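Asks: Mind looking over this structure? Questions follow.
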Amino acid sequence: MTATVPPDALGRRVSCGTDYGTVRYVGSVSRTSGIWLGVEWDDPQRGKHDGCYEGTQYFKCRHPKGGSFIRPNKANFGVDFLTAVKDRYGLNDKQDIQYGTENTVVFGTKTVEFVGMDSVAEQQRQLNKLVDISVRECAVSHAGQTEEISRTCANMRHINLSKNLLSSWETVIDIASQVQNLETLNVSENKMKFPSTTTSISSAFSKLKILALNQTEITWTEVLLCAQGWPALEELYLSCNNITVLERPDNVLKTLKLLDLSDNQLLDGNQLHLIAHLPRLEQLILRNTGISSIHFPDAGFGCKTKMFPSLKRLAINDNKISQWSSINELDKLPSLRSLQCNNNPLMDTEKNPETLIQLIIAKISQLEVLNNCEILPAERRGAELDYRKIFGNDWLEAGGHWDPEKNKPSEEFLAAHPRYPSLCLKYGAPEEGELKGRQPLTLKNQLLTLTIKCPEKPEQKPVEKKLPESMTIQKVKGLLYRLFKIPGSELKLSYESSKLEGKEVELDNDLKPLQFYSIESGDCVLVRW
């Protein structure tokens with residue numbers, strides 16, 4: 001069986017079964033008959049060579065075994081957008097809608113389920129009523145006939161075009177330019193060619209608010225070139241694109257509120273300075289970007305930076321941050337309210353995870369949510385008071401004093417504890433008598449191994465925790481809030497001694513430490529609400 005090869009086949013995206021690739025060669029191959037396609041596969045394991053066959057280099061691949069030859073009839077060059085939509089929703093000129101069960105509509109031969117949308121059946125009667133369209137993995141490769149989309153799907157606002165056969169950004173423009181009110185566009189998992197020089201600005205994305213370009217191999221330079229055509233963009237998703245260096249946006253992305261750069265190995269933390277002046281950026285996702293430090297050089301100890309003026313939510317989990325200095329720097333961000341920082345080497349520096357959480361809370365003054373857990377006012381107060389006492393002796397040794405005239409802590413101390421002066425203003429400076437006999441860190445106090453049970457909630461399995469004997473009941477409730485998502489004010493605690501079976505002692509004073517109640521390792525804390 002022979003197949004017609006499109007005249008523009010070179011560089012086109014194709015699929016063969018479940019595999020995707022890019023055509024790098026069209027023509028004959030020595031000692032064979034007919035036309036072959038040389039394909040560089042997305043998954044190198046699908047290939048056999050690097051484009052070199054029997055000593056002749058027909059094309060080049062990034063991977064030494066990323067390429068192979070296939071016959072044109074084995075390659076799927078894709079379909080136009082409307083064909084994919086009609087196939088996805090089972091609609092064409094000869095088919096009528098039938099009504100299925102309560103939450104389903106039968107389009108032609110296909111049953112499409114619409115969860116929680118009771119009236120959607122009527123709305124889906126014609127293509128031009130569709131607002132939210134998904135043609136993920138439908139082999140879309142081109143727009144189709146001019147203006148056909150705008151005539152047929154006039155009300156589309158949200159389009160999912162992920163994992164198709166789109167070969168270039170120009171094709172995306174061809175489709176989007178026919179959608180008058182496009183607000184959301186997902187073209188992730190399409191390895192496309194993007195413009196490398198300034199081109200005429202299309203009005204196709206004039207109303208676009210959300211754009212996903214994950215796994216498209218776009219560079220930051222290309223992002224900035226295309227961004228000239230995104231005047232209203234609010235959310236931009238760019239994960240898994242091998243972006244290593246950033247550049248300062250020049251008169252673009254001014255409306256951006258969310259930027260996701262996760263799973264791109266950035267050269268270093270200083271790359272962030274280049275995007276630090278996006279005026280409306282509220283959320284920055286930097287998960288697994290390889291950064292090892294964060295620094296805002298324009299602001300000194302206890303001062304706020306002019307960088308990231310609107311940033312409220314920051315995700316830096318799964319990185320290489322190992323120094324507390326980076327956490328200190330985050331207190332310079334004027335609007336920061338939420339932080340995700342799990343899975344960094346820093347998180348292994350303290351044996352007791354509760355101590356670690358307390359230190360982060362005390363170091364970042366305006367933080368309201370840490371690792372997706374709300375910080376209660378009582379928890380913040382406890383963390384700050386503890387921090388003030390824990391490092392009180394260090395403060396005194398560094399030149400700190402309760403008398404303001406004699407209070408001259410060293411630069412080294414202020415660099416390590418930039419919030420300490422403000423905590424002294426908030427709660428009063430610690431006096432020598434207050435600090436006598438106190439061990440330098442609570443985590444060095446004796447740890448109690450306790451079993452935590454919910455006697456009235458049998459579905460909750462008992463949990464074993466190691467807690468410092470100096471931990472107050474108030475802080476224990478903060479820990480339990482994170483475990484059970486029940487506010488501390490609603491929790492009633494008691495404990496059973498392993499030595500006095502059946503006797504239950506109420507833990508009724510939030511300000512008292514565990515050792516006040518003579519709790520020992522092996523005892524059981526009972527939680528009720």
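The values are calculated or read from the model by the stated rules, or taken from the named source; none is laboratory data. All values reported here derive from a predicted model rather than from experimental measurement. Counting neighbours? That spans all protein chains shown, and the Cβs are built from the backbone with ideal geometry, glycine included. For the accessible areas, the whole protein counts, side chains as well, though only heavy atoms, and no ligand, DNA or RNA atoms are used. Shrake-Rupley method; radii C 1.70, N 1.55, O 1.52, S 1.80 Å.
For (1) open to solvent by less than 20 Å² (accessible area, probe 1.4 Å); (2) within 22 Å of residue 78 (Cβ to Cβ); (3) in contact (Cβ under 8 Å) with a residue 60 or more places away in the chain, each residue gets a yes or a no:
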residue: 12; (1), (2), (3): no, yes, yes
residue: 16; (1), (2), (3): no, yes, yes
residue: 19; (1), (2), (3): no, yes, no
residue: 23; (1), (2), (3): yes, yes, no
residue: 27; (1), (2), (3): yes, yes, no
residue: 42; (1), (2), (3): no, yes, yes
residue: 48; (1), (2), (3): no, no, no
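Asks: Output the residue which, of all residues in the range 70-91 that are in contact with a helix residue (DSSP H, G or I) (Cβ under 8 Å, 6 or more places away or on another chain) and not charged (D, E, K, R), is surrounded by the most Cβ atoms within 10 Å (Cβ to Cβ).
Replies: 81
Asks: Which one is farthest from the chain's Cα centre (by Cα) among residues in the range 142-159 that are under 11 Å from residue 129 (Cα atoms) and of a type outside the set (Lys, Arg)?
Replies: Of everything passing the filter in the range 142-159, 152 is farthest from the chain's Cα centre (by Cα).
Asks: When the residues of the range 461-496 are narrowed to those that are open to solvent by 30 Å² or more (accessible area, probe 1.4 Å) and among the small types (Gly, Ala, Ser), which ends up nearest to residue 368 (Cα to Cα)?
Replies: In this case the residue turns out to be 489.
Asks: Moving on to the next point. It is to be established whether one or more residues within the range 70-77 are part of a loop (DSSP other than H, G, I, E, B), of a type in the set (A, V, I, L, M, F, W, C), under 16 Å from residue 167 (Cβ atoms) and free of Cβ contacts under 8 Å to residues at least 24 places away in the same chain.
Replies: Taking the range 70-77 as the starting set, the residues that turn out to be part of a loop (DSSP other than H, G, I, E, B) are 71, 75, 77.
Now restrict to residues that are of a type in the set (A, V, I, L, M, F, W, C): 75, 77.
Remaining after also requiring under 16 Å from residue 167 (Cβ atoms): 75, 77.
Okay, now just the ones that are also free of Cβ contacts under 8 Å to residues at least 24 places away in the same chain, so none.
No, every residue in the range 70-77 fails to be part of a loop (DSSP other than H, G, I, E, B), of a type in the set (A, V, I, L, M, F, W, C), under 16 Å from residue 167 (Cβ atoms) and free of Cβ contacts under 8 Å to residues at least 24 places away in the same chain.
Asks: So how many residues does the range 30-40 have that are open to solvent by 50 Å² or more (accessible area, probe 1.4 Å) and hydroxyl-bearing (Ser, Thr, Tyr)?
Replies: Counting residues in the range 30-40 that are open to solvent by 50 Å² or more (accessible area, probe 1.4 Å) and hydroxyl-bearing (Ser, Thr, Tyr) gives 2.
Asks: Could you tell me whether the range 341-351 includes any residue that is open to solvent by 20 Å² or more (accessible area, probe 1.4 Å), under 22 Å from residue 283 (Cα atoms) and assigned by the TED database to the domain that holds residue 265?
Replies: Yes - at least one qualifying residue is present in the range 341-351.
Asks: Still on this structure, please answer the following. Could you pull out the residue among 465, 426 that is farther than 30 Å from residue 398 by Cα, modelled with pLDDT of 85 or more and either among the basic types (Lys, Arg) or assigned by the TED database to the domain that holds residue 353 (or both)? Talk me through it step by step, then tell me what you get.
Replies: On the way: 426 fails: farther than 30 Å from residue 398 by Cα.
Of 465, 426, the one residue that is farther than 30 Å from residue 398 by Cα, modelled with pLDDT of 85 or more and either among the basic types (Lys, Arg) or assigned by the TED database to the domain that holds residue 353 (or both) is 465.
Asks: Out of 326, 338, 292, which single residue is open to solvent by 30 Å² or more (accessible area, probe 1.4 Å) and at pLDDT 95 or above?
Replies: Numbers: 326 fails: open to solvent by 30 Å² or more (accessible area, probe 1.4 Å); 338 fails: open to solvent by 30 Å² or more (accessible area, probe 1.4 Å).
Within the list 326, 338, 292, the selection yields 292.
This table checks each residue for (1) more than 18 Å from residue 20 (Cα to Cα); (2) in contact with a Lys or Arg (Cβ under 9 Å, 6 or more places away or on another chain).
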position: 147; (1), (2): yes, no
position: 150; (1), (2): yes, no
position: 155; (1), (2): yes, yes
position: 163; (1), (2): no, yes
position: 167; (1), (2): no, yes
position: 172; (1), (2): yes, no
position: 184; (1), (2): yes, yes
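Asks: Tell me whether the range 495-508 contains one or more residues that are over 37 Å from the mean Cα position of the chain (by Cα), closer than 23 Å to residue 350 by Cα and not in a strand (DSSP E or B).
Replies: Scanning the range 495-508 turns up no residue that is over 37 Å from the mean Cα position of the chain (by Cα), closer than 23 Å to residue 350 by Cα and not in a strand (DSSP E or B).
Asks: Still on this model: For the range 54-69, what are the residues that are open to solvent by less than 80 Å² (accessible area, probe 1.4 Å) and either assigned by the TED database to the domain that holds residue 165 or outside any loop (DSSP other than H, G, I, E, B) (or both)?
Replies: Within the range 54-69, 56, 67, 68, 69 qualify.
Asks: Considering 164, 186, which residue is buried (at least 20 other Cβ atoms within 10 Å of the Cβ), closer than 21 Å to residue 224 by Cβ and outside the structural domain of residue 16 (by the TED database)?
Replies: Working: 164 fails: closer than 21 Å to residue 224 by Cβ.
Being buried (at least 20 other Cβ atoms within 10 Å of the Cβ), closer than 21 Å to residue 224 by Cβ and outside the structural domain of residue 16 (by the TED database) holds for just one of 164, 186, which is 186.
Asks: In the range 109-153, how many residues are open to solvent by 50 Å² or more (accessible area, probe 1.4 Å), modelled with pLDDT of 85 or more and assigned to a loop (DSSP other than H, G, I, E, B)?
Replies: Going through the range 109-153 one residue at a time, the tally reaches 5.
Asks: Then there's this: Take residue 366 and tell me if it is more than 30 Å from residue 235 (Cβ to Cβ) and more than 19 Å from the chain's Cα centre (by Cα).
Replies: For residue 366, the condition - more than 30 Å from residue 235 (Cβ to Cβ) and more than 19 Å from the chain's Cα centre (by Cα) - is not met.
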